[in-house]
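The values are calculated or read from the model by the stated rules, or taken from the named source; none is laboratory data. From a predicted model like this one, the values you see are computed outputs, not experimental measurements. Because the Cβ atoms are built from the backbone with ideal geometry, glycine has one as well, and the counts that use them run over all protein chains shown. Note: areas computed on protein heavy atoms with side chains; ligands, DNA, RNA excluded. Shrake-Rupley method; radii C 1.70, N 1.55, O 1.52, S 1.80 Å.
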Amino acid sequence: MRSFDVGVTQQTGRFVVFVTGELDINTCPRVTETTDALPLQGQTLLVDLSAVTFMDSAALNMLLRLRHRAHAEGGTLKLCGASDQTLQVLDISGTRSLFALSPGPAQETY
């Protein structure tokens, strides 16, 4: 099994969540637990997916719920560094247009 990790940093006006490894039904609860603890009111939540090696439909559902929460709290969700496989999941599901996407990892986004 490959190593999975999730971490968060806070910067002015935004939180950056770094995800490493496979993002699936087994690991999504850790991301949800981490992001549920963040007060998103009016802030940007940047999810860095550049180190994600695989993403499944459970991860897509988690990202959609996170997007909904961010918008409900007056914030925004931005995904950065998504791999071709991650983008394919978004394309197949017809959800790519729902997400603000940046091609590079978080440190290149701002």
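Structure notes:
- Segment 16-37 - residue that is open to solvent by less than 40 Å² (accessible area, probe 1.4 Å) and assigned to a loop (DSSP other than H, G, I, E, B) and, of those, farthest from residue 4 (Cα to Cα): 24
- Scope segment 62-110; condition of a type in the set (S, T, N, Q), touching a residue at least 12 places away in the same chain (Cβ under 8 Å) and assigned to a helix (DSSP H, G or I); matching residues: 85, 86, 93, 109
- Within segment 83-101, the set of residues being open to solvent by 20 Å² or more (accessible area, probe 1.4 Å), within 14 Å of residue 23 (Cβ to Cβ) and touching a strand residue (DSSP E or B) at 6+ places or on another chain (Cβ under 7 Å) comprises 83, 85, 89.
- If you check 40, 46, 79, 63 for being buried (at least 18 other Cβ atoms within 10 Å of the Cβ) and over 10 Å from the mean Cα position of the chain (by Cα), only one passes: 40.
- Some residue of segment 83-98 being at pLDDT 95 or above and within 10 Å of the chain's Cα centre (by Cα): no
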